[in-house]
Amino acid sequence: MGNIVSDSGNKSVGIAIDSVTHRFGPGQLTLDNVSLNVEPGEFVAIVGPSGCGKTTLLNLVAGLLPTQEGTITLANEQPRPGHPLVGYMLARDALFGWRTVRRNVELGAEIRGQDEALREIRAVELIRQVGLAGYEDAYPKALSHGMRQRAALARTFCLDVAVLLMDEPFGALDAQTKLQLEDLLLDLWTRERRTVLFVTHDLNEALVLADRVVVMGRNPGTIRLVVQVTLPRPREARMLQSDPHFHDLSATIWRELEGGMGPWLDR
Amino acid sequence: MAGPLTSPAKRRIRDSGTVAVSRPIADTKKPHGDESQAVSAPKNLVLMWVGRLIVTVVVLGVWQLVYVKKVFNPVVTGSPVEVAKFLVDNLVTSTKLWGSVGVTLWTTLIAFVVGSGLGIGCGLLFARSPKLEHFTNPFFTGFNSVPRIALAPLFIVWFGLSQVSSILVGVSLTFFILLSSTMAGVASLERDATTLLDTLGATERQRFFRATLPAAVPTLFSGLRLGLVYALLGVVSGEIIGAPAGLGEKLSYFAGSFETDAVFGVLIVLGVIGAVIQGVMTLAERKLLRWQ
Ligand SMILES: Nc1ncnc2c1ncn2[C@@H]1O[C@H](COP(=O)(O)OP(=O)(O)OP(=O)(O)O)[C@@H](O)[C@H]1O
Ligand SMILES: [Mg+2]
């Protein structure tokens, strides 16, 4: 259904991050020589401890921060804010309180000047897909935390972009809602494959969602390990929680991290 | 300054208990406490009003008694019966006071529109250009520190005994209220919203009309409500100090000729005007800010 009103499946766009170094001030090395290639249509998750520069890396790809050293290429272009092929989902929903759910979901598409009739059809369809049918005309104050995040997810997908940057979109949710939304994201992603760069604190979340998991360390922020996730698709977050293979994978990564480079998550 | 003046209005909304708010579907799960309140609210409300009525009757009764028994000089105390008589004589059986009401209302409206227009305009300008705000800040702070009523004699020297002086006093009060509430309102847009708009590549225009302005409306509205109250305050003060017409002018005339009943009558009229103004603003606010 989604594909009827979307053509982003054809705009396959990868992300090439090459030797990127970033400093917020003299002597404050936040990212040190980070290189990462995300294939078109690939789902890559970045995990790492707080302050290792995950958000900074995402902001660089989004063009919200200027690239200081190294290069980032996205659809043969340098990053720039508002790139029509790129969507960004923040940790907090940033829903506009004065807009109904439907008008919030349409916001991005509206700002980018997409056709009004088309974006409305798409918004209503997405609201249904994220399980908010019946709440189209409700205001955000009437939504629970999880429902708000669903609306934000629908808003992100309504953009009809090729590249999605997501910064801990489910970080502040309870475990149950988190699993639900992970399934939802997988579902949406399977319908309309986009290139996804997904930041999370949660290694299990990363393994459930991603084709590849990038593990970062801090001081300075570097890539410590890249893991190919071999779990078959379609996956289901709630099923995987009880899958022994999944836990093996998780344990292996922990072991590798601890053996290879000492404690990486000091929290 | 905003606190004590806005709270009575808020309290009034709460008092009326079950304000009919069209609840979105999502709100079906009410917390338990809400329900029990809804049941007992009408009973409490009746008791509350009965209590208020009793207090009013007692106060008026004591007042009338003081007048009849001549406890103090009757000319000074006046009496509720005489005040009622004045109001009927001047508002119902004749229209003597209506002219003054009209003058004060018009003057207030002009002061409000001009003052809030300038205030909002300057606020938006400053929000766009922080440098300009920074540069002019000491001037505005200085001007804002002067008790504005004290400017009335100066205005009278400049513009003579006309409504212009009253308007200017009103404007000088309303302006600063709207200036600060506009700036606070514009600043109330959350950082997340700004980041979202950045990532979407929103233009300045889109930012302003789709985010900054709607986010500012609630703050702006409390500014407008307060601004209107202060426009009335400024205008009446201006009229008391020197104006050819208006309720303030009547007030100072009646007080000067020891017509205490008339003074109380005009005060009541002013009170009613103030209450009506607040009521209208509350209604408009509720209509415009349903999303809150
Ligand atoms: N605008 C900024 N100015 C100065 N320093 C910054 C800025 N943004 C981030 N930093 C610093 O850069 C480092 C990385 O921050 P970043 O937000 O990228 O971390 P993160 O991995 O996203 O952390 P978290 O998991 O807590 O979100 C931190 O040490 C932070 O203090
Ligand atoms: Mg972060």
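The Cα trace of the range A:44-159 gives Rg and Dmax of 15.9, 48 Å, the first to one decimal, the second as a whole number. Orientation-averaged projection of the range B:228-292 equals 4.8 nm² [convex hull of Cα atoms, one quarter of hull surface area]. Database remark: amide H of A:Tyr88 closer than 5 angstrom to the amide H of A:Leu165 (H placed geometrically; neighbours at sequence offset of 5 or more, or on other chains; Pro and chain starts carry no H).
Which percent, to the nearest 5, of DSSP beta bridges fully inside chain A are antiparallel?
On the way: 19 of 38 bridges.
The antiparallel proportion sits near 50 percent.
Calculated [222 nm] ellipticity per residue, helices only, for chain A: -11000 deg cm²/dmol; basis is -39500 (n - 2.57) per DSSP H run with n ≥ 4, divided by all residues, nearest 500. Using the Cβ of A:Arg238 as centre and a radius below 9 Å, the other residues enclosed give a net charge of -3, where K and R count +1 and D and E count -1.
Across chain B, the longest piece that holds none of the trypsin sites (Lys or Arg not before Pro) lying in DSSP loops with up to 10 other C-beta atoms within 10 Å covers B:71-292. Heavy atoms of chains B and A lose about 2200 Å² of accessible surface on contact, summed over both sides with a 1.4 Å probe.
Considering every Cα-Cα pair within chain A, what fraction, in whole percent, is farther apart than 36 Å? Could the numbers behind the result be given before it?
Working: 4410 of 35511 pairs.
Of all Cα-Cα distances in chain A, 12 percent exceed 36 Å.
For chain A, a Gaussian network of Cα nodes joined below 10 Å ranks A:Gln129, A:Gln176, A:Gln78 by mean-square fluctuation, and the top entry is A:Gln176.
Put simply, the amide H of A:Asn37, placed in the peptide plane, has neighbours under 5 Å in A:Ile17, leaving out anything fewer than 5 places away on its chain.
Extents of the range A:156-267, taken as max minus min of Cα coordinates on every principal axis and listed largest first, are 42, 33, 26 Å.
When the accessible area of the range A:1-125 is computed with all protein chains present and a 1.4 Å probe, what percentage of it is carbon and sulfur? Present the calculation step by step, with values, prior to reporting the outcome.
Values: 2430 of 5180 Å².
Carbon and sulfur: 47 percent of the exposed surface of the range A:1-125.
Residues in chain A average 40 Å² of solvent-accessible surface per residue, probe 1.4 Å, ligands and nucleic acids excluded. For the segment B:186-196, counting C-beta atoms of other chains within 10 Å of every residue's C-beta and taking the mean gives 4. Relative to the longest principal Cα axis of chain B, at what angle does helix B:130-145 sit, 0 to 90 degrees, rounded to 10? Helix B:130-145 and the main axis of chain B meet at about 10 degrees. Per residue of B:197-210, other chain Cβ atoms within 10 Å of the residue Cβ number 6 on average. Per-residue mean of foreign Cβ neighbours for A:57-67 is 1 (Cβ atoms of other chains, 10 Å radius).
Using the structure shown, select from A:Lys141/B:Lys287; A:Lys54/A:Lys178; B:Lys250/B:Lys287; B:Lys85/B:Lys250 the pairs with a Cα to Cα distance greater than 25 angstrom. Don't jump to the answer; show the numbers that get you there.
On the way: A:Lys141/B:Lys287 17 Å; A:Lys54/A:Lys178 20 Å; B:Lys250/B:Lys287 36 Å; B:Lys85/B:Lys250 17 Å.
Check vs 25 Å cut-off fails for B:Lys250/B:Lys287.
Which residue, B:Gln64, B:Gln163, B:Gln206, has the most motion in a Gaussian network model of chain B that connects Cα atoms within less than 10 Å? Looking only at B:Gln64, B:Gln163, B:Gln206, the biggest GNM fluctuation is shown by B:Gln206. Against the main long axis of the alpha-carbon atoms of chain B, helix B:260-288 sits at an angle near 20°.
Each residue of the range B:208-218 was assigned a 3J(HN,Hα) from its phi angle through the Karplus expression (A = 6.51, B = -1.76, C = 1.60, θ = phi - 60°), giving 5, 7, 9, 10, 4, 5, x, 5, 7, 4, x Hz with x at Gly and Pro.
Pick out which of B:Leu196, B:Leu154, B:Leu224 has the largest mean-square fluctuation in a Gaussian network model of chain B, springs linking Cα atoms closer than 10 Å. In the Gaussian network model the winner is B:Leu196.
Ordering A:Gln241, A:Gln28, A:Ala117 by the projection of their Cα atoms onto the charge dipole of the range A:15-257, which places +1 on the Cβ of Lys and Arg and -1 on the Cβ of Asp and Glu, puts A:Gln28 at the extreme positive end.
The range B:78-288: D in µm²/s via Stokes-Einstein (Kirkwood Rh, Cα pairs, 20 °C, 1.002 mPa s)?
Numbers: Rh = 19.0 Å.
Estimated via Stokes-Einstein, D reaches 113 µm²/s.
As an exercise, find the ratio Rg/Rh for the protein assembly as shown from alpha-carbon atoms, using the Kirkwood inverse-distance average for Rh. With Rg and the Kirkwood Rh in hand, the quotient comes to 1.13.
What does the charge count near B:Ala84 come to, summing +1 for each Lys or Arg and -1 for each Asp or Glu among other residues with Cβ under 15 Å from its Cβ? All intermediate terms of the calculation are to be shown ahead of the outcome.
Details: positive: B:Lys85; negative: B:Glu82, B:Asp89, B:Glu259, B:Asp261.
It works out to a net charge of -3.
Pairwise inverse Cα distances across the range A:25-67, averaged and inverted, put the Kirkwood hydrodynamic radius at 11.9 Å.
Sort out for me the Cα centre separation of the range A:178-221 from the range B:158-190, rounded to whole Å. Using only Cα atoms to place each centre, the spacing works out to 53 Å.
The values are calculated or read from the model by the stated rules, or taken from the named source; none is laboratory data. Bear in mind that the values here come from a model prediction, so they are computed numbers and not experimental data. So basically every Cβ, Gly included, is an ideal-geometry build from the backbone, and we count neighbours across all protein chains shown. For accessibility, only protein heavy atoms count, side chains too; no ligands or nucleic acids. Shrake-Rupley method; radii C 1.70, N 1.55, O 1.52, S 1.80 Å.
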